[in-house]
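Each reported figure results from applying straightforward, stated rules to the coordinates on display, with no laboratory input. From a predicted model like this one, the values you see are computed outputs, not experimental measurements. Don't worry about glycine lacking a Cβ; one is built from the backbone with ideal geometry, like all the others, and counts go over all protein chains shown.
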Amino acid sequence: MALTTIASATRCPSAVQLSINSSSACSSPSFVSLRSSSASVGRRKWSIRATSASAAPIVEEVAPPITLTENALKHLNRMRSERRENLCLRIGVKQGGCSGMSYMMDFESKENARPDDSIIECDGFTIVCDPKSLLFIFGMQLDYSDALIGGGFSFKNPNATQTCGCGKSFNAEM
């Protein structure tokens, strides 16, 4: 902690200001001012005023709710360019499938996004997801493989408590 004293040049200063700077990342500089006035001969009256500057909020990078691997991004861009339209990918979940819920994906026009949809930008590619589905797939990573056996899109969902063998349906406890 560093203390800085600023006072007038007279023998009995009428104002003293202390600046307190802490090395802590969460603290902000504080100032304490002492002022005196002569109330009567030989007596001084002191007033104390303390102020503190507010610290700027700490900004941390937040991971997007849905991410795409490089392979998934390349394949989705290729599929979108074949359609020759500026489309976004809608990702969601619905009841059904082997494990209780299944993933849904489809291209749609960006104008079809509803006001309550989450719009996620991922390396220039737009993903749209409704709020109910996002509860079940928040933090999910979409991957793509062109392997002959087991190829296609795969979902790495941290909320899935159970998945089926094909990887297209899951169960999540909420």
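Once you list every other residue whose beta carbon is under 13 Å from the beta carbon of SER99, what net charge do they have if Lys and Arg are +1 and Asp and Glu are -1? Spell out each step's value before the answer.
Values: positive: LYS94, LYS168; negative: GLU173.
So the surrounding residues net to +1.
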Straight-distance crosslink candidates among lysines, where the alpha carbon sits under 24 Å from LYS110 and sequence neighbours closer than 8 are dropped: LYS74, LYS94, LYS132
